[in-house]
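The values are calculated or read from the model by the stated rules, or taken from the named source; none is laboratory data. For clarity, every value in this text was computed on a predicted model and none was experimentally measured. Note: ideal-geometry Cβ built from the backbone for every residue, glycine included; neighbour counts use all protein chains shown.
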Amino acid sequence: MRFSEVFDVSITAADDWFDTFLPADTKLFIDPFLIWEEASGQWAGAHDHLIDFFEMVFDLVKESEGDAESVSWKQAQKLLLFPEPYEFCLGVAEGSPHGSGSGRGLQQEMLEGVKVATGLGMSRVAHMEMLTLFQGGMGVDRLSDMTCNILKSYFIKYTQEVARRHEIPIQSVTVANAAWSRQFCRWKEGTFELPINPYIGKPVILTPERFLRQIPVATPDGFWSYAWSTTSEELRGDLTFDIARNVGRRAKAKLARQNPDVVALYLKHLEEEEKEPYSVADDPNLVVKWYELGSQLSERVPLNFIPQAADEFERFIEVVIDNFRHSIEEQDGWQILRNGNYGREERVAQALFRSCVIHYCRANDIDLTGESNAGRGPVDFKFSQGWSKRALVEIKLVRNSKFWDGVLAQQPQYQVSEEVSRGFFVAIGYTDAHCHPEIKKKISKAAELVSRTSGKKITGVLIDAREKQSASKLHNPGLSDKLRQSDAATGDDADASPSDA
């Protein structure tokens, strides 16, 4: 359920906050460049606060003189270790709002970036992205994690204002990395009155929609293209790698470190470019509305089987999967899985499946877990009703390059790791080739073969997500011919309308 559903909030024109999905992360991220654009109001000083944090880190690194054993260096290390800000429910951990945060590997790379900057005589940067370019760039989720942690005090105040305006219940809770101290160069936790996410029993922190993107404004690829298209012939001649070929992030980081003036020009160029947040209302990549769309599918296809006995659990899973198949093939659900002429990515199909079947599970007291990681790799879905009644469901696109590995190797291994004997391998096809009868037959044979060799019962299912004709345009020439032949034999007028008959 979304924040507004859990707390029964009617969203008005005055609300600019993102209505986050509380049971799992939404694959959107806070981009500091969008915060930089805030010139007035409560966020006007947020970007400076962000940069002040890194100025503090710069001072520590300069004090350390590059000595990794010094107190200053170790203090800088602690500051650059950013835990997953689960309170925001943003990122890539779709199974729950708990991700990994920025680990020690990235921490060390960030330190090296600061070290390079101080070696170049810098004591402050205009954008934190400069440091990420010096170290080769980091994923948008890590950039977002850093921003959420450093500016958490701003986001807490913003959330409290929303809660007061809508009279949302709040509790006194302890928040890690709630602020940082310039005086003592350390993180500070704090106790605040905040709404509670009932799915994890932890506080919720909201963010304005206008700060959210799928990819950051400043990227190593963007810098590389800018440097190559705008810098002098002399700089181009200094490059020792082939521009026309794929270049790794370390090569791009090397170019950035060797040419900090070009990095500064690139970031200045981005300041002047128009920067658009992700359109939550349009949701072109279906990272937000999958929950509501899946709910609509389940409403259109009510469950026609209700388990009454303990041994009917397996049948329930079969019916749930078949309902999902029917909603895609016969209830126009295929339109949700397509973006124009192209089928959407695997993640969208998995999210749609989850939001569709979760309602069937809730009604029948069956637990559905997404992306379990108990064993050797992620399992898409685990259904359970106690220990003895459990099943795994894997969703794969036929176009996936590892499709056959999924049914022949990965699915049985997941079932071994999770100690589950029953599994379903659900394939989704977008083209005629993907949905050919021979492919369907091969999927079933593969599932049967694996079942015999692994001792784990696996069923293969193919869902046809090809574009369908409107029912009003369908034509069956074979039956039309038979009808005309029948009319001719009986002497009836084949063209007569029902009212003339």
Where residues in region 1-19 are among the acidic types (Asp, Glu) and free of Cβ contacts under 8 Å to residues at least 12 places away in the same chain, which of them is surrounded by the fewest Cβ atoms within 10 Å (Cβ to Cβ)? Asp8
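Output yes when any residue across region 399-418 is part of a strand (DSSP E or B) and crowded, with 19+ Cβ neighbours inside 10 Å, and no when none is.
Looking through region 399-418, none of the residues is part of a strand (DSSP E or B) and crowded, with 19+ Cβ neighbours inside 10 Å.
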Here the qualifying pairs (Cβ atoms under 8 Å; residues six or more apart or on different chains; first in region 46-71 and more than 20 Å from Phe184 (Cβ to Cβ); second not in a helix (DSSP H, G or I)) come out as Ala46/Glu38; Ala46/Leu151; His47/Glu38
Check off (1) within 21 Å of the chain's Cα centre (by Cα); (2) surrounded by 17 or more Cβ atoms within 10 Å (Cβ to Cβ) for Tyr360 and give me the number that stays unchecked. (1)
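Okay, residues lined up against (1) modelled with pLDDT of 90 or more; (2) of a type outside the set (Val, Ile, Thr):
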{"residue": "Arg390", "(1), (2)": "no, yes"}
{"residue": "Val393", "(1), (2)": "yes, no"}
{"residue": "Asn400", "(1), (2)": "yes, yes"}
{"residue": "Trp404", "(1), (2)": "yes, yes"}
{"residue": "Tyr414", "(1), (2)": "no, yes"}
{"residue": "Glu419", "(1), (2)": "no, yes"}
{"residue": "Gly429", "(1), (2)": "yes, yes"}
{"residue": "Ile439", "(1), (2)": "yes, no"}
{"residue": "Lys445", "(1), (2)": "yes, yes"}
Of residues in region 272-323 being among the aromatic types (Phe, Trp, Tyr) and in contact (Cβ under 8 Å) with a residue 24 or more places away in the chain, the one nearest to Val348 (Cα to Cα): Trp290
Condition first: in a helix (DSSP H, G or I), in the same structural domain as Arg362 (by TED's automatic domain parsing) and free of Cβ contacts under 8 Å to residues at least 12 places away in the same chain. Can you find one or more residues in region 337-350 that meet it? no
Options Ser298, Ser279; residue that is surrounded by 19 or more Cβ atoms within 10 Å (Cβ to Cβ) and either closer than 30 Å to Thr207 by Cα or in contact with a Cys (Cβ under 6 Å, 6 or more places away or on another chain) (or both): Ser298
Here's a check for you: in region 168-213, which residue that is free of Cβ contacts under 8 Å to residues at least 12 places away in the same chain and small (Gly, Ala, Ser) is surrounded by the most Cβ atoms within 10 Å (Cβ to Cβ)? Ser181
Being among the charged types (D, E, K, R) and in contact with a helix residue (DSSP H, G or I) (Cβ under 7 Å, 6 or more places away or on another chain) is the filter here; which residues of region 166-185 pass it? Arg182
May I ask you to verify whether Ala179 is of a type in the set (A, V, I, L, M, F, W, C), in a strand (DSSP E or B) and more than 13 Å from Phe88 (Cα to Cα)? yes
Number of positions in region 20-42 that are more than 26 Å from the chain's Cα centre (by Cα) and either in contact (Cβ under 8 Å) with a residue 12 or more places away in the chain or assigned to a helix (DSSP H, G or I) (or both): 2
Please enumerate the residues belonging to region 448-464 that are in contact with a Phe, Trp or Tyr (Cβ under 9 Å, 6 or more places away or on another chain), without any contact (Cβ under 8 Å) to a residue 60 or more places away in the chain and in a strand (DSSP E or B). Ile458, Gly460
Please tell me if Ala163 is closer than 14 Å to Glu87 by Cβ, modelled with pLDDT of 95 or more and of a type outside the set (Lys, Arg). yes
Looking only at residues in region 297-335 that are polar (S, T, N, Q) and assigned to a loop (DSSP other than H, G, I, E, B), which one is nearest to Phe383 (Cα to Cα)? Gln308
Taking the stated definitions as given, is Phe82 at pLDDT 90 or above, of a type outside the set (Lys, Arg) and outside the structural domain of Lys382 (by TED's automatic domain parsing)? no
Can you confirm whether Asp25 is modelled with pLDDT under 90 and in contact with a Ser or Thr (Cβ under 9 Å, 6 or more places away or on another chain)? yes
Which residues, taken from region 218-230, are surrounded by fewer than 21 Cβ atoms within 10 Å (Cβ to Cβ) and outside any helix (DSSP H, G or I)? Thr219
Positions within region 48-91 being surrounded by 15 or more Cβ atoms within 10 Å (Cβ to Cβ) and more than 30 Å from Pro208 (Cβ to Cβ), in sequence order: Asp59, Leu60, Val61, Lys62, Glu63, Ser64, Ser70, Ser72, Trp73, Gln75, Ala76, Gln77
